[in-house]
1. Please go through (1) free of Cβ contacts under 8 Å to residues at least 40 places away in the same chain; (2) farther than 13 Å from W258 by Cβ for T33 and return the number of the only condition it doesn't satisfy.
2. Report, ordered by the first and then the second residue, all pairs with beta carbons closer than 8 Å, sequence separation of six or more or different chains, a first member in segment 64-86 that is in contact (Cβ under 8 Å) with a residue 40 or more places away in the chain and within 19 Å of R166 (Cα to Cα), and a second member that is open to solvent by 30 Å² or more (accessible area, probe 1.4 Å) and away from the ligand (no atom under 14 Å from the Cβ).
3. Would you pick out the residues in segment 46-69 that are in a helix (DSSP H, G or I) and open to solvent by less than 50 Å² (accessible area, probe 1.4 Å)?
4. So is T240 modelled with pLDDT of 95 or more and over 18 Å from Q22 (Cβ atoms) or not?
5. Mind checking whether some residue in segment 27-45 is modelled with pLDDT under 95, open to solvent by less than 30 Å² (accessible area, probe 1.4 Å) and either among the hydroxyl-bearing types (S, T, Y) or under 24 Å from Q270 (Cα atoms) (or both)?
6. For D74, indicate whether it is touching a strand residue (DSSP E or B) at 6+ places or on another chain (Cβ under 7 Å), open to solvent by 30 Å² or more (accessible area, probe 1.4 Å) and either over 22 Å from A157 (Cα atoms) or away from the ligand (no atom under 15 Å from the Cβ) (or both).
7. Filter segment 35-45 down to residues that are part of a strand (DSSP E or B) and among the acidic types (D, E) and give me whichever is nearest to the ligand (Cβ to nearest atom).
8. Scan segment 142-185 residue by residue and report those that are without any contact (Cβ under 8 Å) to a residue 12 or more places away in the chain and either in a strand (DSSP E or B) or open to solvent by less than 50 Å² (accessible area, probe 1.4 Å) (or both).
Amino acid sequence: MTKRVVLIGHPVAHSLSGAMQQAAFDQLGIDATYELWDRPPIELADAIAELRGEDFLGANVTIPHKERVVPMVDRLTEEGQATGAVNTITREGKRLVGHNTDVAGFRVALDKLVGKQKMPRAAVVLGAGGGARAVVYGLITEGFQRIVVFNRHLHRAEGLVKHFGRTAAHMELRAMPWHESIIESELAKTKLLVNATSIGLISDESPIPAEVLHAELLVLDVIYAKTRLLKDAAAAGAETLDGELMLLHQGAAAFTLWTGQPAPLDLMQQKLAEARAEGIRSAEGEPAGQPSGALAE
Ligand code: NDP
């Protein structure tokens, strides 16, 4: 029987994950298809229930469902539990297990950005959605001692901080209101900046003004593109990295969870690059809209 893996999101009209996962199944001779399911929130519970069928290996879950899906699975892994967000589902018989492989993807990206330098201990995170939860958990478990989260809607950042209460008890995790002057003063004493908002995904906009960036910064944008933020940061002399490695490695980790086999990383990276060249945008948080200038390069 051909097995099925689905990406559940809204919208999911185009997907970089589809390109890399299907190629990986095909290369390893795994008889499986990767399907895109566009499901609005009201249809999410039915979609998750369907995954209990024998033909499913599991699923990816993306915007806007990563947090909403948590109570719909039967068991959470440590990362799923700790982040309160699920991006990958596997099946144990009729039971569903919720994982968060964005955390593993983020760790690979962070290591690459920091390189041979000493791992920083303080970070500024922009955004408080599902992606930001994986980022914050990755930073806490990496040993960061101070993380400041800025979000347009402050209550969501406060909810994130509250969620990590016990996990972050030994360090300082704070939510702050989105004011440029506060962001600037925090960045002045910080080495690492992570953008986990979707600003820059479909337009050539940066979440923060170029003037607040400085040459000592390491800047990671989880968006898979050379965003305006990354261009501004590079112009300021900062080290930069986009979301490609995170996307690749969250996908590789998911592939291994579904199949029990190591992911063909080179092939998956090549498929991502090809899909990007064709102008396919990421469904990992992809809003509907026109192709972005940022992604067109
Ligand atoms: P969510 O919808 O959960 O969160 C979106 C975040 O962006 C929120 O913090 C939201 O703020 C903020 N935001 C959106 N629009 C605006 C705006 N106009 N002004 C200010 N803030 C805004 O999405 P995710 O967390 O799942 O994804 C966020 C980004 O991360 C996406 O671009 C996605 O592609 C990327 N991502 C990349 C991954 C990778 O593997 N490379 C993995 C996961 C995510 P508010 O709460 O105030 O609305």
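1. Going through (1) free of Cβ contacts under 8 Å to residues at least 40 places away in the same chain; (2) farther than 13 Å from W258 by Cβ one by one, T33 breaks only (2).
2. Final answer for the pair search is A82/T167.
3. Across segment 46-69, the qualifying residues are A47, I48.
4. yes
5. no
6. Judged against the criteria, D74 is a match.
7. So, considering only residues that are part of a strand (DSSP E or B) and among the acidic types (D, E), the one nearest to the ligand (Cβ to nearest atom) is D38.
8. G165
The values are calculated or read from the model by the stated rules, or taken from the named source; none is laboratory data. These numbers come from a predicted model, not from an experiment. Reconstructed Cβ throughout: ideal geometry from the backbone, glycine too, with neighbour counts over all protein chains shown. Each accessible area value is taken on the protein alone, full model and side chains, heavy atoms only, with ligands, DNA and RNA left out. Shrake-Rupley method; radii C 1.70, N 1.55, O 1.52, S 1.80 Å.
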